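These notes concern the structure reproduced below.
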Amino acid sequence: MARHQPLYKQIYQQLLLDIRAGKYPPGSQLPTEKELARAYGVSRITSKRALAELAEAGLIDRIRGRGSFVHIDARHTERPAPAQRPRRIGFIAQDLGHAFGLELLAGVERESGQLGLSLLLRLTGGSQEAEMAAIEEMLAHEVAGLIVFPVNGERYNPALLKLYLSGLPVVLVDRYFRGLDIAWVGTDNEAAAKEIVSCLIDSGHRAIALLSPPPEGTVTIEDRIKGYVSAFVERGLPIDHSLFLTDLTTSLPGKPQQEAYERDRNKVIQLLDAHPEVSAFFAVEYNLALVARNAVEALGRRIPADYSIACFDAPPEDEAFFTHVRQDERSMGEQAVRLLAELIEGREKGESSKPARGRRIVPSRLVFGTSTAPRPFETGRAV
């Protein structure tokens, strides 16, 4: 089979060859969607589309509740499948960085191609206005559904609310909206943060500085902070909120980064001056881990001899250095497309717009680098 074709086309071509060769004679039953999916290592959506194409070409008859059967004249009369414009879906993202985002896009692109879906991409730069404009543009292009990596914000974007209420299939990635039953694919951020902070605590660290952008309205950040708190609570340890820096702006899209970086570095230096007991940092995003490293180096200190740093989403060039939570972005993108395809198919059949598994957690993993070590016990240093 031609590997450049979408997977459903490859399955279609193989079944067509099998029918012509007599492997499946007229009137015989083809494998089920589930059996084909298992045999070819694909999703049931993919195998289902292959069977649908065979039916449209007049090669098989699909009987609800019974299965797919080779048409009596399948080997002699094959009519061309009706020409169809590929379904178009949209992907709207606030930002696609090397620490998080590019692999997500790669997953969306790959799975869209495998399912024969045309993809329209727009980036918003962290602006709700740009996000709203992108949604309106997608609707003008008559997309069958949308995947959205939403903009940070204390309030829902009215355009997203409008989409939710209209019934257009929508899947959110990375973050969800509390109180709205919109399909979502992402990481269990609270559990992942709890695991990495627990490792710091179990290495002897007790004064762990928390570095975060403003969490209000961004459940991803809120959940990571909850994970930090849960790690301390589970061990019966006190939580020092004076070690929380939750107004950092280095990682926010649309902000002057050099100015924000210098301002955030100075805040970290001030925190260390005021709290010499600090021995570790938990940065909820990679760029803030860079801020912490720069601040430590500016003070003439070393990592991890003097301070340990752990974070989320270190990119390839730093994954051996930073201990970090590695999110499976590619899988998130692929699962978002598959979930959206389910929603689109259900809508076309007049079924409920809510998928059977509307929220899908993609496992993450903890990667240990050289940026963490047991708490130092240096003479003259408060611990």
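Summary table below
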| item | result |
| --- | --- |
| Cβ-based exposure ranking for LYS194, LYS267, in which fewest neighbours within 10 Å come first | LYS267, LYS194 |
| Reciprocal mean inverse distance between Cα atoms of the stretch 7-70 - Kirkwood radius, Å | 11.4 |
| Net +/- balance of residues flanking ALA106 in space, Cβ distance below 14 Å, scoring K and R +1, D and E -1 | -4 |
| Placed amide H near TYR307: partners under 5 Å, 5+ positions off or other chain | ARG302 |
| Net +/- balance of residues flanking PRO316 in space, Cβ distance below 14 Å, scoring K and R +1, D and E -1 | -4 |
| Helix-only CD estimate at 222 nm, as mean residue ellipticity for the chain, using -39500 (n - 2.57) per DSSP H run (n ≥ 4) | -12500 deg cm²/dmol |
| Binned Cα-Cα distance frequencies in the stretch 189-326 - 5 Å width, integer % | 2, 11, 22, 25, 23, 13, 4, 1, 0 |
| Square roots of five times the Cα gyration tensor eigenvalues for the chain, Å | 50, 22, 17 |
| Inter-probe distance in nm under a simple model that places probes 7 Å from Cα toward Cβ, at GLU277 and GLU35 | 6.7 |
| Restraint check, LYS23/LYS48; LYS9/LYS34; LYS162/LYS194, Cα-Cα greater than 23 Å | LYS162/LYS194 |
| Cα centre as origin, Lys/Arg/Asp/Glu Cβ charges: the stretch 189-326 dipole, Debye | 180 |
| Additional length obtainable on full extension of the chain from GLU262 to ARG88, 0.36 nm per residue less Cα span | 58.4 nm |
| Formal net charge of residues neighbouring ARG235 (Cβ-Cβ distance under 15 Å; K, R +1; D, E -1) | -1 |
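Only the coordinates and a few stated rules stand behind these numbers; no lab work does. Predicted model only: the values in this text are computed from it and were never measured. Neighbour counts are summed over all protein chains in view; Cβ atoms, including those assigned to glycine, are modelled from backbone coordinates with ideal geometry.
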